[in-house]
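Once you've had a glance at the structure underneath, I'll fire off some questions.
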Amino acid sequence: MHPAISVIFFTVTSGAGFGFLTLIGLGVPLPESGVGAFFASLIAGGLAVIGLISSTFHLGRPERAWRAFSQWRSSWLSREGVCAVITLVLFALYALNWVFFDNRIVWLGLFVSIGSIATVFTTAMIYTQMKSVPVWNNILTPVCYLLFSLTCGTLLAGSFGYWEAAVVSLPFFALVSIVVAWGAKLMWWQSGETLSSRGSDTGTATGLGSIGKVKLLEKPHSGENYLTKEMVHQIGRKHADKLRMIALLIGAGLPIVVCIIMLIAGANGLLFAVAALAMIAGLFVERWLFFAEAKHAVSLYY
Amino acid sequence: MTSLPTETTGKKLGLVIDLDTCVGCHACVVNCKEWNTGGYGAPLADLDAYGAEPVGSWLNRIHTFEVTPEDAPASIVHFPKSCLHCDDAPCVTVCPTGASYKRGEDGIVLVDENMCIGCGLCAWACPYGAREMDPVENVMKKCTLCVDRIYNDNLPKEDQIPACVRTCPAEARHFGDLGDPESDISKLVAERGGMDLMPEMGTKPVNKYLPPRPKTHSHVEPEAPKAKALDAKGFLGWLDKTLEAL
Ligand code: SF4
Ligand code: SF4
Ligand code: SF4
C-alpha cells in the first residue's frame, strides 16, 4: 500500500495524543492547575487534533469531510470520526475545569479515557477490517495501536515531572509498557498473514488456476494508474529489514535505555521527553512500514 | 446508508464474461470510457493524455495472462475486469459518508458522487481493484452497469444494455439477471461452469467468468525441422567446401 505521509502522521500523532488523553482522564499526576495544566492539555489535545486535521489532507474532497460522521452504524472510519469529536468535546470541558478551577472531574475524566481508547481502537479497525490486505486483517493490529498509544501517553505524561505522586513508579510503568507494546509489534511482524496464507494467488484472482500456472503477460495499460500507485506500491519491501531495525532501535531501544537510566538515577522530566520523542520517531518508521509492506489483493492482477 | 440492503427483490443484474472468446481488443474499454464520460456522474478524466505519463480513470480494464498447464504449451487468456457488483460488498460497508451503496431493487453497486469525500477507503476494501479515484473530480468512480442505459427508454431496445456488452465484437460479454436461475445468462453460467473470482475473499460476486473451453491437445511432439544435409555437386559443391574451409 502507498504510505501516504498524511495518514502516517495522522495515526502516529493522534495515537500519541489520545494515549496522553487516556492517562490524563485516568488521573495520572500532572500539574494541578494553571499554566502547567494548560500545557499538558495543549499537548495532548493538540496532538490529537493535528493528527485528525492531517487525515483530512488525504481526502479528495476535504470540504465535505463532515459527511463522514453519518455512517457510524456500518463504517469504522465514521465511528472513528464520531468517537474523536465526542472525546475532544468532553476533554475541552475537562480541561476548562482543570486549568481554571483546579478541578479534575473524576467521572468526566473516565469518559475522556474511554473515548480516547475507543478512538484509537476505531482507527485501528479501519485497517483491521480489510480482508483485501491480509497482513492488516489481524487481531493484533488494534492491540499494537492501543499499546503504542498508551505508551506514548505515559512517556508524555512523565515529561511533566509529577511522577512522585504516582501510585506506581512511572519510569517502571513506562519501561513495561514499551516492552509490551513492541513485543506485540514483534508478534504482529512474525504472524504476518499473507495473500498466499489466505489461499489467494493469481490463479484464484483470475479463476484460471485450475488450468495451469498463471502469469501476467501484459498489463491493461502501459502506464501507471490509481490502483498501481495506491495499492501496488513496491518500494517499501526492499529495505524492510533494515527499516524494522531502525524502528526498533529508535522506538524501543532508546526509550528503554532512558527508562533504565531513570530507574537507577531517578526520574527526570527531560529524560521522559527524550524517550517520548524517540518513541514517536520510531513509530513514524513503524507506521511507514505498516503501509509500505502491506500487500493488497489487487497486486495479484499486476 | 452504507449498510447492505436488507430488502431486496432477488434481482441481481450483472455481467458474464466469456474468457474463451474474449480477444482482448479493448473495444469494451473504449466504449465504456466514451459512454461514462458523457453519462452518469463526473466525466472519466485523463491527465497528461498526450504526454509521456498519461494516467486516467477507467471502469473496465483488460489484463492479459499466460496460462501454462502441466502437460501442454502455454495459452493466452485476455481478462476483462470491472466491478463484480458483489452481494457482500465490502466497498459499501466501509464508506463513512453513505456515498457508496448497493441498490436493493437490482443489486447494482453505485457511488453518489455528490456525497463522496474521496477518502479512497472503498477502493482499499475491494479486493479486485474495481474502483478508481477520478484524478480531476477527486471522487470515486466505478462501473455503474450503465444504469443510465439499461433503464433508459429514450434509447432503442438494443441499446438498453451496458455499453461494453453492446460493443463487444466477439460477444464475449453477456448482461442479465443472475438472481433468476431461469434467465438466459444464468443458464449460460450453469452450462459453462461460470466461476467467481477470489471466492475466498467472501465478497460473493454477482458477475461470473466463463473459463476457457478445454483445448484439444495433440500428443505428438511437434518436430523441429532438421537442417538438410547439403550434398551439392559441381561448382556449388566446390564453393561449399571452399567456404567451409575458410
Ligand atoms: S467488485 Fe469491488 S467495487 Fe465492485 S462490488 Fe465487489 S468489492 Fe465492491
Ligand atoms: S471514496 Fe467516496 S465512496 Fe469511497 S468510501 Fe470514501 S466517501 Fe465512500
Ligand atoms: S470488447 Fe469483447 S472481445 Fe474485446 S476486450 Fe472487451 S470483452 Fe474482450
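Rounded to the nearest 0.05, what FRET efficiency is calculated for B:T216 and B:A52 with R0 set to 56 Å and r the Cβ-Cβ distance?
On the way: r = 45 Å, r/R0 = 0.81.
Once the sixth-power term is evaluated, E becomes 0.80.
So for the pair A:V176, A:V89, with labels modelled 7 Å out along Cα→Cβ, what separation do we get in nm?
Those two pseudo-labels are separated by 3.6 nm.
What residue among A:A65, A:A267, A:A40 shows peak mean-square fluctuation when chain A is described by a Gaussian network model with Cα springs under 10 Å?
Of A:A65, A:A267, A:A40, the most mobile in the Gaussian network model is A:A65.
Hey, what D do you get for the range A:108-255 in µm²/s if you plug the Kirkwood alpha-carbon radius into Stokes-Einstein at 4 °C and 1.567 mPa s? Could the numbers behind the result be given before it?
On the way: Rh = 18.8 Å.
Rounded, D is 69 µm²/s.
Now for a different question. Under a crude label model (7 Å from the Cα following the beta-carbon direction), how far is B:D153 from B:A170 in nanometres?
3.8 nm
Next question, about the same structure. Quick one: if the Förster radius is 41 Å, what FRET efficiency do B:A72 and A:A4 give, using the C-beta to C-beta distance and rounding to 0.05? All intermediate terms of the calculation are to be shown ahead of the outcome.
Values: r = 45 Å, r/R0 = 1.09.
E between B:A72 and A:A4, to the nearest 0.05, is 0.35.
Using the Cα centre of the range B:13-210 as origin and beta-carbon charges of +1 (Lys, Arg) and -1 (Asp, Glu), tell me which of B:G120, B:V147, B:V29 is placed farthest towards the positive end of the dipole.
B:G120
Here's something else I'd like to know. Which percent of Cα pairs goes in each bin when the distances of the range B:13-210 are cut into 5 angstrom slices starting at zero?
Percent of pairs per bin, in order: 1, 7, 15, 19, 21, 17, 11, 5, 2, 1, 0.
Only Cα pairs within less than 10 Å get springs; with that Gaussian network setup on chain A, which residue of A:L21, A:L150, A:L195 has the largest fluctuation?
So, out of A:L21, A:L150, A:L195, the one fluctuating most is A:L195.
Then there's this: Based on other C-beta atoms within 10 Å, arrange B:R173, A:R67 from fewest to most.
Working: B:R173 23, A:R67 20.
Neighbour counts put them in this order, fewest first: A:R67, B:R173.
Fewest Cβ neighbours within 10 Å first, please rank A:T87, B:T68 accordingly. Numbers along the way, then the final one.
Working: A:T87 26, B:T68 13.
Taking fewest neighbouring Cβ atoms as first place, the list is B:T68, A:T87.
Next up: Of A:V28, B:L178, B:N138, which is farthest along the charge dipole of the protein assembly as shown in the positive direction, counting Lys and Arg as +1 and Asp and Glu as -1 at C-beta?
A:V28
Using 0.36 nm per residue, how much length does the chain from A:L110 to A:E32 gain when fully extended, once their Cα-Cα distance is taken away? Mind dumping the intermediate values first?
Details: separation 78, 0.36 × 78 = 28.08 nm, distance 1.75 nm.
Value of the extension gain: 26.3 nm.
Then there is this: May I ask which residue of A:A157, A:L270, A:P3 lies farthest towards the positive end of the charge dipole of chain A, with charges of +1 (Lys, Arg) and -1 (Asp, Glu) on Cβ and the Cα centre as origin?
Checking the options against the dipole of chain A, the answer is A:P3.
Let me ask something else about it. Taking only Cα atoms of the protein assembly as shown, what ratio of Rg to Rh do you get with Rh as the Kirkwood inverse-distance radius?
Working: Rg = 29.5 Å, Rh = 26.4 Å.
In the protein assembly as shown, Rg relative to Rh is 1.12.
Can you give the helix-only mean residue ellipticity at 222 nm for chain B, where every DSSP H stretch with n ≥ 4 adds -39500 (n - 2.57) and the sum goes over all residues, rounded to the nearest 500 deg cm²/dmol? Show your work: numbers first, answer last.
Working: 7 runs with 51 residues, N = 246.
Rounded to the nearest 500, it is -5500 deg cm²/dmol.
Pick out the long, greasy-scoring helices in chain A: whole DSSP H runs spanning 15 Å or more along their own axis by Cα, mean Kyte-Doolittle at least -1.0. Don't skip to the answer; put the middle values down first.
On the way: long enough: A:5-25 (29 Å, 1.77); A:34-56 (32 Å, 1.78); A:76-101 (36 Å, 1.54); A:106-128 (33 Å, 1.63); A:140-158 (27 Å, 1.58); A:170-191 (31 Å, 1.26); A:254-265 (16 Å, 3.22); A:269-292 (34 Å, 1.92).
Span-like helices here: A:5-25, A:34-56, A:76-101, A:106-128, A:140-158, A:170-191, A:254-265, A:269-292.
Determine, from the Cβ-Cβ distance of A:V167 and B:A190 and an R0 of 45 Å, the FRET efficiency 1/(1 + (r/R0)^6), rounded to the nearest 0.05.
Efficiency, from the Cβ-Cβ distance: 0.05.
Moving to a separate point now. Just add up the charged neighbours of A:L227: K/R +1, D/E -1, any other residue whose Cβ is under 15 Å from the Cβ of A:L227. Show your work: numbers first, answer last.
Values: positive: A:K219, A:K229, A:K295, B:R61, B:K81, B:R131, B:K141, B:K142; negative: A:E224, A:E230, B:E132, B:D134.
It works out to a net charge of +4.
Where does chain A land at 222 nm, in deg cm²/dmol rounded to the nearest 500, when only DSSP H runs of n ≥ 4 count, each adding -39500 (n - 2.57), divided by all residues? Please list the in-between numbers first.
Numbers: 12 runs with 194 residues, N = 302.
So the calculated ellipticity at 222 nm is -21500 deg cm²/dmol.
Over all Cα pairs of chain A, how is the pair count split among 20 Å bins, expressed in % and running from 0 up to the last occupied bin?
Reading the bins upward from 0: 32, 53, 14, 1.
Readers should treat all values here as calculations from the given coordinates under stated rules, not as data from a laboratory. Bear in mind that the values here come from a model prediction, so they are computed numbers and not experimental data. Every residue, glycine among them, receives a Cβ derived from its backbone with ideal geometry; neighbour counts consider all protein chains shown.
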